[in-house]
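These notes are about the structure you will find just below.
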Amino acid sequence: MELVRFSAPAHIDDVGADSDFPDRWHDLVSGLIAESTEVSGRGAYVNPVLRPARRERSRAITWTGLSRPLLMQHRDDRRTAYEQAESREAQIEYLEWHVERTGGAISRVTFSTETPEYWTLLAERHPDVVLALYRRHVSPRVARDDLFPEGVYEPRNVWNTARGIMHYIMPINSLGDLLGVSQEIEPSQHAIDGYDALPYSRATGADARINFDLWAMSRQGLSVATADPPGLYMIGWDDSGWAKPDGTPVDDYWTVERGRRGAASRVTYAVPASEGFQVSDIRIGGRPIEFGGQIAEHITMSAHVVSEGGA
Amino acid sequence: MTGEGAQALAGLMTGGVPRLSGIELPPAKPASAAARDVDVDAFPEGEPRFDPATTADIQGNVLPGFNKDHQRFLFLRIDDVDGARGWLRRLAPQLSSMQEVLEFRRAFRRERLRTGASAPSTTATWIAFALSAGAIARLLGEEAAAAMGDEAFRQGMAARSTFLGDPADPQAPGHRGRWRVGGPDSEADVLVTVAADTALDADEKAAEIVEQAAHSGVRVLWEQVGENLPGALGGHEHFGFKDGVSQPGVRGATADGELLAPRYLDPRNPHARIFGKAGQPLVWPGQFVLGMPRQDPADPLVPAADDGAFPDWARNGSYLVCRRLDQDVPAFWDFAATAGAQCGTSPVHFASMLVGRWPSGAPVSRTPDRDDLELAGDEFAHNHFQFDDDTRDWTPVGGLVEGGYRGDGHPKARADVFGQTCPLAGHIRKVNPRDSATDFGAPADTMMRLMLRRGIPYGPALAGVADPSPELVAAERGLIFVAYMASIEDQFEFVIRRWANSPLQPNTGGHDPVIGQADVYGNRDRTLELQTPSGEVKSFVFDREWVTTTGGGYFFAPAISAVGGTLAGAEPA
């Protein structure tokens, strides 16, 4: 048994050796995990930095990237749900995306699960790295002043909103929110099973998934901790049943730009120029792609926990 | 097929399941009065009443379901639209209503519990009708077809085939171009279902309908025989497992006060508000019948605020999904034998883990190490289990105890968060995660995904047959999957694509090993992870498929009045 030292999300190394960034990141994440809060109850959610854990079992907590509230609100009109999901303000399942169009057609969609905490700290310690990463991943035209007006990093800069995406901007999407919801581990309403916890008022799939999974583990007497590295990932996607304009199945048009397959934090979906068509020309189950949300609906999100104890 | 798999298959269900008997159900009481008897708050207010006009109008295979041993599925094509309208006028009075089937089923339920009989002592032959979006367009115009709220229905099953996981490769056996019916060039306009208590009755009524249709310019594209398996395998599918054990209970009562889903839990049990029988979730009827109050996304005790989108003539109708699923029984049992040996267990035990139930229908969650026929035969207990927490005792309502039910004394299911007893990818856990959260939310969301399943096998049984001939082994067999629902996309397609076909949803751990399909750029390998009690994970890759789609269609089962009225050309009232 040993204490955990938190790694950067997806084990990405943006800073190289001789930086205090890894230490600062570790401290930041640890600071987001309160050992005891009003909703952490018996302390079943633990900070593995402070308490050694055997980490006997790991579990991937999964949910869908497209906003469940929108799908519920528009049960009889899915297209409206997709349309409204195009706004970053509606992307509230820990997955945000940016759609690029060429001549009205979708040419590329970029998905991100990166947190504002990471990028704000990186900007504080390594502003040149942040600028270089924006230029590499978003646009070579990114200017320092665009990101650092008056010398301070602006998370809602134009290259992370109107003209691109690098990390979450929705307040509900953050590492602090993930860990905060995770700490709500004391089963509500004295529920002794999942049915007892109904009705469940939060509408997002992510919140429900995290709450119900951790409540169930807590009821078994397990203590739970975030897996290392803490973070949010695209664990997979399903493009079966997606067809090219000629009706044949699509090839693999996904590119993982940060992270890896199975634990991706930045992914683009674009058709190679050699194919001669655009993302908009692809049909999912016979329906043309009009919105990025139609792709997000087939992306599975994950957060990972480890547990110990229990019967 | 050879070896242990063949032996296990031959030895399935050699003995019958001892059914409950000697139970006299209490007389029906109006739901509200029943609630007042014990606790005014015991039942949620607002469950709908099905008035006589409605129960006479909803088709009987939607509610409560035919459940007959002999069924004929007539896939028909309309050649003459005017002729078809006349045929519909003549067909409508022959269709079986909810009221007709309900009366029969209620009587049989009492008879079954009293005597333990597996078949009713009286007989009936019933008919159901459904039509495709293409048929609506031909009968009522393109605008009317476009007004149907379900986009997947409007597209049709062939257009959604690869989305459902069927092969994209035209050479693959399950490709839509090779289907017996329902492919791009063989889509049916109409599906008529005949259900009877004898094969002869079913054949005669089917022949009569085919003849009537032919005189009106409606011809047969494909006729499918569905037959319940014989003897102790009655109610089982061809792999040998009891099928259809878990069905949702539909909320609501008839005008005479009888609940569609009787409540058997003591009302003082908080779960009595969301279960009919123990383990049978109560679902608002609008999940199956258009225009009825439907499920709320958050709260199972109240209906959603609106009833959904549909044209007025479609009220009291239901979408119908039909899939003709060939089953390669030797392949399934060969795999169970090989993989079981790798895990140090028997083919039957391993196959039961893949399914989540033993061949008898007893859930592995309640009886992890061996089949339990007594549990399987107890219809008040065999569906009572959860996955994430220990399953609690339940007290039957007084009337059931007074009627002779001795209570659920069978072993209880234990919490199984990590899938050590019932694998996370086990079939019944995949398609109905019960109390667990899913990738789409709380258990309240899962209640929105449930369907009313009305399937029946086709082809000769191989299970339970010692030394089968090569011809019998090679014979075509499978399941006519039939299910009714209010949204094909949010119910059938959701469960198939998002859960059965996914190695990640609703939990990581692999594909549904029974009905799941994968197609990753042409690679159709499926995976399965099994956790042993020590936490060790064993991984399997299935490079063979034992369920192959060979036909089907998306249909709509209108109210009977709409068949003889709007669809037959009558002016809207």
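Would you point out which residue out of B:ALA466, B:ALA425, B:ALA475 is buried (at least 17 other Cβ atoms within 10 Å of the Cβ) and closer than 26 Å to B:ALA8 by Cα?
Exactly one residue qualifies, and that residue is B:ALA425.
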Every residue from region A:228-250 that is within 13 Å of chain B (Cβ to nearest Cβ) and in contact (Cβ under 8 Å) with a residue 24 or more places away in the chain: A:TYR233, A:MET234, A:ILE235, A:GLY236, A:TRP237, A:ASP238, A:ASP239, A:GLY241, A:TRP242, A:ALA243, A:LYS244, A:VAL250
Qualifying residue in region A:190-211 (condition: of a type outside the set (S, T, N, Q), in a strand (DSSP E or B), more than 7 Å from every other protein chain (Cβ to nearest Cβ) and touching a Gly at 6+ places or on another chain (Cβ under 9 Å)): no
Test: residue in region B:483-504 that is in a strand (DSSP E or B), among the aromatic types (Phe, Trp, Tyr), more than 12 Å from chain A (Cβ to nearest Cβ) and surrounded by fewer than 23 Cβ atoms within 10 Å (Cβ to Cβ): no
Residue match in region B:370-382 (condition: touching a Cys at 6+ places or on another chain (Cβ under 9 Å), crowded, with 22+ Cβ neighbours inside 10 Å and at pLDDT 95 or above): no
Condition broken by A:PRO140, with the remaining ones in (1) closer than 24 Å to A:ASP13 by Cα; (2) within 14 Å of chain B (Cβ to nearest Cβ); (3) out of contact with any His (no Cβ under 6 Å at 6 or more places or on another chain) satisfied: (2)
Any chance B:ALA376 is away from chain A (no Cβ under 14 Å) and either without any contact (Cβ under 8 Å) to a residue 12 or more places away in the chain or of a type in the set (A, V, I, L, M, F, W, C) (or both): yes
Filtered residues of region B:441-462 (kept if facing chain A (nearest Cβ under 7 Å) and either surrounded by fewer than 24 Cβ atoms within 10 Å (Cβ to Cβ) or among the basic types (Lys, Arg) (or both)): B:ALA444
Selection from region B:236-251 of residues that are more than 29 Å from B:ALA135 (Cβ to Cβ), modelled with pLDDT of 95 or more and part of a loop (DSSP other than H, G, I, E, B): B:GLU237, B:HIS238, B:PHE239, B:GLY240, B:PHE241, B:ASP243, B:ARG251
Residue in region B:108-117 that is modelled with pLDDT of 95 or more and assigned to a helix (DSSP H, G or I) present: no
Any hit, region A:168-186, residues being free of Cβ contacts under 8 Å to residues at least 24 places away in the same chain, touching an Asp or Glu at 6+ places or on another chain (Cβ under 9 Å), more than 13 Å from chain B (Cβ to nearest Cβ) and in a loop (DSSP other than H, G, I, E, B): yes
Of all residues making up region A:211-223, the number that are surrounded by fewer than 24 Cβ atoms within 10 Å (Cβ to Cβ) and touching a residue at least 60 places away in the same chain (Cβ under 8 Å): 5
Pairs with Cβ under 8 Å, 6+ apart, first in region B:41-66 and over 15 Å from B:PHE556 (Cα atoms), second assigned to a loop (DSSP other than H, G, I, E, B) and at pLDDT below 90: B:ARG49/B:ALA255; B:PHE50/B:ALA255; B:ASP51/B:ALA255; B:PRO52/B:ALA255; B:THR55/B:ALA255
Matching residues, region B:299-318, being away from chain A (no Cβ under 13 Å) and under 20 Å from B:ARG454 (Cβ atoms): B:ASN316, B:GLY317, B:SER318
Residues satisfying the stated conditions in region B:288-327, i.e. surrounded by fewer than 21 Cβ atoms within 10 Å (Cβ to Cβ), outside any helix (DSSP H, G or I) and charged (D, E, K, R): B:ASP296, B:ASP299, B:ASP306, B:ASP307, B:ARG315
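Yes/no per residue for (1) buried (at least 17 other Cβ atoms within 10 Å of the Cβ); (2) at pLDDT 95 or above:
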{"residue": "A:MET1", "(1), (2)": "no, no"}
{"residue": "A:ASP18", "(1), (2)": "no, no"}
{"residue": "A:ARG55", "(1), (2)": "yes, no"}
{"residue": "A:SER67", "(1), (2)": "yes, yes"}
{"residue": "A:GLN91", "(1), (2)": "yes, yes"}
Filter pass, B:ASP201 being charged (D, E, K, R) and either in contact with a strand residue (DSSP E or B) (Cβ under 9 Å, 6 or more places away or on another chain) or not in a loop (DSSP other than H, G, I, E, B) (or both): yes
So B:ASP296, is it touching a strand residue (DSSP E or B) at 6+ places or on another chain (Cβ under 9 Å), charged (D, E, K, R) and within 14 Å of chain A (Cβ to nearest Cβ): yes
Those helices (runs of 4 or more DSSP H) lying entirely in region B:424-481 with at least 1 residues closer than 22 Å to B:GLY174 by Cα and of a type outside the set (Gly, Ala, Ser): B:427-431, B:470-474
Residue that is farthest from the other protein chains (Cβ to nearest Cβ) [pool: residues in region B:505-514 that are in contact with a strand residue (DSSP E or B) (Cβ under 6 Å, 6 or more places away or on another chain) and not polar (S, T, N, Q)]: B:PRO513
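The values are calculated or read from the model by the stated rules, or taken from the named source; none is laboratory data. Note that the structure is a prediction, hence the values are computed from the model and not measured. A quick note on method: Cβ atoms are made from the backbone with ideal geometry, for glycine too, and the neighbour counts reach across all protein chains shown.
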